[in-house]
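Here the structure is laid out as structure tokens; the discussion comes afterwards.
Computed from the coordinates by the stated procedures, all read-outs in this text should not be read as laboratory data. Computed from a predicted model, the values in this text were never measured in an experiment. Every residue, glycine among them, receives a Cβ derived from its backbone with ideal geometry; neighbour counts consider all protein chains shown.
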Amino acid sequence: MSACTPKSLASSGQKPIQEMCHPLGAEEAVLTPSPDVRNITSSIGEKDQILPNGTPVETSSPSSSSSLLNRLQLDDDLDGETRDLFVTVDDPKKHVSTMETYITYRVVTKTTRVEFDLPEYTVRRRYQDFDWLRTKLEDSQPTHLIPPLPEKFVMKGVVDRFSEEFVETRRKALDKFLKRVADHPVLSFNEHLNSFLSAKDLNKRQGLALLSKMGESVKYVTGGYKLRGRPVEFSAMGDYLDMFTQKLGTIDRIAQRIIKEQSEYQVELREYGPVYTTWALSEAELQGPLEGVASCMANCSSALDELTQDMSEDFLPVLREYVLYIESMKIVLKKRDNIQAEYEAKLEAAAFRKEEKASCTQVPTDVEKCHDRVECCNADLKSDWDRWQNNKRQDFRQLLTGMADHNIQYYEKCLAAWESVIPLLRDKQPQETETEED
Amino acid sequence: MLSVSCLSALLLHTLERRMADAGNKESAPIGGDEFTNTELENNKNNTMVEEGSTLLRRMEISVAEAEKRTGKNTVNMQEIFTVYLIETRPIDAITEGHNPAPDSLWRRYSEFEILRNYLLVTYPFIVVPPLPEKRAEFVWHKLSADNMDPDFVERRRVGLENFLLRVASHSVLSNDKILYHFLTEEHRWKEVVYETGFQAKADSRIKALSATFRVKNPDKRFTEMKHYSDELQSLTSQLLRVRARVADRLYGVYKVHGNYGRVFSEWSALEKEMGDGLQSAGHHMDAYAASVDDMLEEEEHYADQLKEYLFYAEALRAVCRKHELTQYELETASSDLISKKQQREELATGMVRTFSFKGMTNKLFGQETPEQREAKLSLLEEQIVQGEETVTEKTVECEEYVKGAWVDMQRFKEQKDRDLREALIGYAVMQISMCKKGIQVWTNAKECFHKM
């Protein structure tokens, strides 16, 4: 629950891009974020600082140095591959035109791949563009898991599309999307991704894109073939996803409940402190101690505010986005099922025709093609699944560690407040004639 | 009206107080050494040995245990009640190294009440320490409001001990014989205390209330003190109410985290590599949720300290009211005397100064005979002499009361400042401990998440 009203972004034109150092040239400094290596821009509303390997450092709340290390180490662990494509989404800006108002994000790419003409690109993209990219990826790589995008539609009255919180949450999700694509051994070489990252203006051909999106996806998801025997491993995946979705739903509900309880606790706490202040007015000797306790409680109260806000902004959105990710994975599983079903149907039909025409000894080519497709799909899916599981593990490790960190920070703030009030409580006035404590 | 023994007790009290201030100091139990230990100890006992005290120096007193008994009550019905074991030991024996077994007797809460009422009536100028509450109030939902609840009984035991220690260390109250009997004579005590006739001496409520409204010239310091006692009462009760609500909400926050324990456990069954980390983290979440019970139980001690001063506020107000009563009685006696003197003057000179019904009827129905007048005059003279004695007595009474009460109210003020400061420190220490536990649990959980 945010204590302040959501802030809108300053709307402006494009800002000049600052010089960035080449990622490969600054590898030694990866673990210690020294100022000259960090990429600090002058844009308004940006909270993130970017490390050379392309990951943003979340400094919106004062994180302990250990959590900083966590984030750095996590990305270094990724598969042990040498990475040659780094992408970042940042710097959201509001654009106002006569027709519409919308947000664009800066997409920064650094790469050594030969598929790219330049080692660096900076472009501005809006949500529509990300959506276009995703559709293109789905169409051109139907057997692969495409990471999800954050929700497209928002209820106009309910959510402020231009509030700082909303935009930041969306930015993080878009950044995650692009990073997942860039990390994928197949998707990252997709030509559409290349265009997205490098082209000045995206030639999107919206009309056709919409039609094709409808066509391909529908064909694979709602295929009319019936599946005979699904391999056990894919069934297991489906079961896992169902149960996992359930658990995530439970965790979401618990997190929401905690936020609610904390808010109600906050309400009482806000009434509690002031009573001490009122009492202090009636007292002489005790005035200092009572006021000290009151201000201590006010500090704890604002620390709690921050905790609740952090959980709302950092924890819940990421959790919910994972549900979308699971949905994407389920769709891929379904597609695979349909491809297998199509193959089985064709195989059956061919066998039937074979019986009639005894001369045919070879398997017809289209059935063979189908079989290849099935094999290919299964292989892609398996490798995507492994990758997905790995990402999931890291993502949740990061998410839950973040939750622990927020709580630790909250308690550390409260501890500091109470510890600082102890000497005030023990300190007696000089006029006191009773025996004094040391 | 104060008895002679009380007046002398008053003087003794004032004297001892002056002696104490003059420098006959002893080192108080709160030594200067280790903050946590001694301050916490004092916080637990919640008492300071007064300079010049007698009984507590001679005798070690404690309320050691509580037990349930059954018996017949006043309307001859079976009831269950709790009795408390009072143990006493002479200090000389202990310091000489003998370590004798303590003398002991059992008392019910109602007997403590009788003792306190006796003290209130007998020493109206003293801010008499209060008893722990009769019924559990300001309860937050988890605690039961049941008088039989073991936690409530335990806190009451501590409260009763605290009461006895405060009374036995008070320079005036500790000398009382009835108190001594209470601690040492199990069976005859009630008869003895009723024999003092203290119940008859109690001021009627109506008398006290009308004095408050009608008194003309009360000591301003007492009026201020009474005003302060009202504020103290209102503030502490407000604080207790809000604190209970805060405790309720905090309980909710902690307990909901227990759900994480369950879901992490279920989730870990689905996972291969993540399973162990999740499972262990879940256990920490369970521990976190469970930790709140002890913490809030400990916080009840702070609530008890506030409650003591909530009730103390009432005792303070009673002392101020008694002053108003004695002052009012003095004013009444003085104005009676003045009116009697005026009547004498009128009779002697035949001049009617003030309107009187008698005077009117005299005018209407004829004057009295000289013999009647003589009789009236001599009666008036007698009454005037008596009245003058009364006024003198009342003046002394009032002055002595003011002196004695003021001294004790100062003592109370210092005690209150000390005790509440200790209470606040104790509260801060509890909060610190709670924060440290929170950090510990979440750090443990974080390590588990790390291993996922």
message: At 7 Å along Cα-to-Cβ for each site, give me the label-to-label distance between A:Tyr102 and B:Gln440 in nm.
response: 5.6
- request: Let me know the mean shielding of B:227-237 by other chains, meaning the per-residue number of their Cβ atoms within 10 Å of its Cβ.
  value: 2
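Could you work out the relative contact order of region B:203-335? I mean the mean sequence separation of Cα pairs under 8 Å and 6+ apart, divided by the number of residues, in percent.
Working: 105 pairs, mean separation 61.7, N = 133.
It rounds to 46 percent for region B:203-335.
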statement: Going residue by residue through region B:152-169, the Karplus relation 6.51 cos²θ - 1.76 cosθ + 1.60 with θ = phi - 60° gives ³J(HN,Hα) values, rounded to whole Hz and with x marking Gly or Pro, of 5, 4, 4, 5, 5, 4, 4, x, 5, 4, 4, 4, 4, 5, 5, 5, 6, 9
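Per residue of A:389-397, count partner chain C-beta atoms within 10 Å of its C-beta, then hand back the mean as an integer. Mind showing how you got there, number by number?
Numbers: counts 4, 1, 0, 2, 6, 1, 0, 7, 6.
Rounded to a whole number, the mean comes out at 3.
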message: What distance in nm lies between label points placed 7 Å from Cα along the C-beta direction at A:Ala349 and B:Asp151?
response: 7.4
statement: Heads up, region B:269-317 by the C-alpha gyration tensor (a ≥ b ≥ c square roots of eigenvalues; a/c under 1.5 rounded, else a/b over b/c prolate, else oblate) looks prolate
statement: Karplus-derived 3J(HN,Hα) from phi for region B:391-399 (6.51 cos²θ - 1.76 cosθ + 1.60, θ = phi - 60°), whole Hz, x at Gly and Pro, runs 4, 4, 4, 4, 4, 4, 3, 4, 4
task: Provide the FRET efficiency to the nearest 0.05 for the A:Leu281-B:Ser210 pair, computing r from the beta carbons and using R0 = 30 Å.
output: 0.40
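Distance cut-off 29 Å, Cα to Cα: go down the list B:Lys201/B:Lys403; A:Lys334/B:Lys451; B:Lys72/B:Lys207; A:Lys200/A:Lys330; A:Lys172/B:Lys255; B:Lys341/B:Lys394 and report the pairs above it. Let's see the in-between values first.
Numbers: B:Lys201/B:Lys403 22 Å; A:Lys334/B:Lys451 33 Å; B:Lys72/B:Lys207 36 Å; A:Lys200/A:Lys330 35 Å; A:Lys172/B:Lys255 32 Å; B:Lys341/B:Lys394 18 Å.
The pairs that break the limit, which is 29 Å between Cα atoms, are A:Lys334/B:Lys451; B:Lys72/B:Lys207; A:Lys200/A:Lys330; A:Lys172/B:Lys255.
Between A:Ser235 and A:Ser163, what is the FRET efficiency for a Förster distance of 60 Å, r being their Cβ-Cβ separation, to the nearest 0.05? Could you put the intermediate results ahead of the total?
Working: r = 43 Å, r/R0 = 0.72.
Efficiency at R0 = 60 Å is approximately 0.90.
Figure the gain on full extension for B:Ile338 and B:Glu137 (residue separation times 0.36 nm, minus the Cα-Cα span) and round it to one decimal in nm.
Working: separation 201, 0.36 × 201 = 72.36 nm, distance 5.10 nm.
My answer for the length gained is 67.3 nm.
What is the magnitude of the charge dipole of region B:372-423 about its Cα centre, with +1 placed on the Cβ of each Lys and Arg, -1 on the Cβ of each Asp and Glu, and no other charges, expressed in debye to the nearest 20?
On the way: 9 positive and 14 negative charges, 64 e Å.
My answer is approximately 300 debye.
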message: So, R0 is 22 Å and r is the distance between the beta-carbons of B:Ala375 and B:Glu345; what FRET efficiency does that work out to, to 0.05?
response: 0.80
- request: Read phi for every residue in region A:364-374 and hand back ³J(HN,Hα) as whole Hz from Karplus 6.51 cos²θ - 1.76 cosθ + 1.60, θ = phi - 60°, with x for Gly and Pro.
  value: x, 5, 5, 5, 4, 4, 4, 4, 4, 4, 4
- request: Quickly work out the B:Glu388-to-B:Thr74 label distance, labels modelled 7 Å from Cα along the C-beta direction, and quote it in nm with one decimal.
  value: 4.8
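Need one word for region A:367-415: rounded, prolate or oblate. Basis is the Cα gyration tensor (sqrt eigenvalues a ≥ b ≥ c); a/c below 1.5 gives rounded, then a/b vs b/c decides. Each step should come with its number before you reach the end.
On the way: a/c = 12.80, a/b = 8.52, b/c = 1.50.
It comes out prolate by the Cα gyration axes.
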- line: Which residues qualify? For A:Ala199, with a placed amide H closer than 5 Å and at least 5 residues away or on another chain, they are none
- line: Net charge (Lys, Arg +1; Asp, Glu -1) of residues whose beta-carbon lies under 9 Å from that of B:Glu300, B:Glu300 excluded, is -4
field: Listed residues B:Ser280, B:Leu250, B:Tyr260: farthest to the positive end of the dipole of region B:244-289 (Cβ charges)
entry: B:Leu250
